[in-house]
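Notes to accompany the following structure.
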Amino acid sequence: MDPLVVWSGIQSRMLSAQADRVMENGEWEERWQEGRIGFHQPQVHKMLETNIDKVLAGRAHISFFFPLCGKAVDMKWLADMGHSVVGVELAEKAIQQFFEENNMTYSEEPVPSIPGAKVYRNPERNISLYQCDIYKFSSSVQGQFGAIWDRGSLVAINPRDREKYAALIISLMAKDCRYLLDTLLYNPELYKGPPFFVPDEQVHSLFGSSCDIERLLSVDALTDRQRSWGLDYFTENVHLITPKSN
């Protein structure tokens, strides 16, 4: 039998293991309220640090987009370099903690184009964090972006929403955008997620028709945390995704 057919069957089975898994918005907010945020990293993410030159590509003063930003310290790191940062996050607590823990003042105002949403800003650092459902955000709110850092967003959204999510991300990419995407490989039959399993083949099916995709790195990221989930391998892949020049 053709090995490609066999592999494709294995992939389908693995994807179907999590296909119906749904995290309601309220569950994410609850995690923040209760401090169950093992996904938060207290230092700048290694994958961003290692690949920052490829993302910047010699450019200065770039507008960075952080989908499902949480309170990522990466945002301050980039703002300190002179880039502007826009994030979207559901949990108000995450946004407030970001500013408080980094000793930044912030203003808070409603977003007329997104009912119920608020934006928290620190103008000195050029940071604007929107508290809303990510699917209500669009390029009409803050334009398009020169860079996107997606460390825990595609792997956190409900698997059935991936096509909708990819369409949103593509719509937010400026012509020169460089989108750094972090994905995870493990056996989804052993752990239900999140974070969810996203194979390279799916990255290509989501973004490949309008973007070029280069896998920059693949590293063994297995720690005791993932072992406690019952996993025996856990691979982190980093992709650089850029709009095709047509």
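The values are calculated or read from the model by the stated rules, or taken from the named source; none is laboratory data. Note that this is a predicted model, so its numbers are computed, not measured. So basically every Cβ, Gly included, is an ideal-geometry build from the backbone, and we count neighbours across all protein chains shown. Please note that ligands, DNA and RNA were not included when accessible areas were found on the heavy atoms of the full protein model with its side chains. Shrake-Rupley method; radii C 1.70, N 1.55, O 1.52, S 1.80 Å.
Structural remarks
- Neighbours by Cβ (under 7 Å, 6+ apart or cross-chain): first from the stretch 87-108, open to solvent by 10 Å² or more (accessible area, probe 1.4 Å); second in a helix (DSSP H, G or I): 89/95; 90/25; 90/28; 90/29; 93/32; 93/33; 102/76; 106/99
- The stretch 14-48, residues that are out of contact with any Lys or Arg (no Cβ under 7 Å at 6 or more places or on another chain), farther than 23 Å from residue 162 by Cα, open to solvent by 40 Å² or more (accessible area, probe 1.4 Å) and touching a residue at least 12 places away in the same chain (Cβ under 8 Å): 41, 42, 43
- Of all residues in the stretch 127-145, at least one satisfies being within 25 Å of residue 216 (Cα to Cα) and either in contact (Cβ under 8 Å) with a residue 24 or more places away in the chain or β-branched (Val, Ile, Thr) (or both).
- Test: residue in the stretch 1-23 that is outside any helix (DSSP H, G or I), within 28 Å of residue 142 (Cα to Cα) and not aliphatic (A, V, I, L, M): no
- Taking the listed residues 125, 151, the one that is of a type in the set (D, E, K, R), more than 24 Å from residue 194 (Cβ to Cβ) and surrounded by 15 or more Cβ atoms within 10 Å (Cβ to Cβ) is 125, with no other qualifying.
- Test for residue 114: is it hydrophobic (A, V, I, L, M, F, W, C), surrounded by fewer than 21 Cβ atoms within 10 Å (Cβ to Cβ) and out of contact with any Ser or Thr (no Cβ under 7 Å at 6 or more places or on another chain): yes
Here's the yes/no breakdown for (1) open to solvent by 40 Å² or more (accessible area, probe 1.4 Å); (2) in contact with a Leu (Cβ under 8 Å, 6 or more places away or on another chain); (3) not in a loop (DSSP other than H, G, I, E, B):
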site	(1), (2), (3)
194	no, no, no
197	no, yes, no
219	yes, no, yes
236	no, yes, yes
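- Contacts under 8 angstrom Cβ, first residue in the stretch 152-179 being farther than 18 Å from residue 61 by Cβ, partner of a type in the set (Lys, Arg) and assigned to a loop (DSSP other than H, G, I, E, B), 6 or more apart: 158/21; 159/21
- For the stretch 20-71, taking the residues that are touching a strand residue (DSSP E or B) at 6+ places or on another chain (Cβ under 9 Å) and small (Gly, Ala, Ser), the one that is nearest to residue 192 (Cα to Cα) is identified as 70.
- Condition check for residue 99: more than 28 Å from residue 215 (Cβ to Cβ) and at pLDDT 95 or above: yes
- When 80, 53, 133 are checked against the criterion of being under 21 Å from residue 166 (Cα atoms), open to solvent by 40 Å² or more (accessible area, probe 1.4 Å), out of contact with any Gly (no Cβ under 8 Å at 6 or more places or on another chain) and of a type in the set (D, E, K, R), 133 stands alone in meeting it.
- Boolean, residue 160 is surrounded by fewer than 15 Cβ atoms within 10 Å (Cβ to Cβ) and in contact with a Gly (Cβ under 7 Å, 6 or more places away or on another chain): no
- Any hit, the stretch 55-76, residues being in a helix (DSSP H, G or I), under 27 Å from residue 220 (Cβ atoms) and touching a Lys or Arg at 6+ places or on another chain (Cβ under 6 Å): yes
- The one condition from (1) over 14 Å from the mean Cα position of the chain (by Cα); (2) in contact (Cβ under 8 Å) with a residue 12 or more places away in the chain; (3) open to solvent by 10 Å² or more (accessible area, probe 1.4 Å) that residue 209 does not meet is (2).
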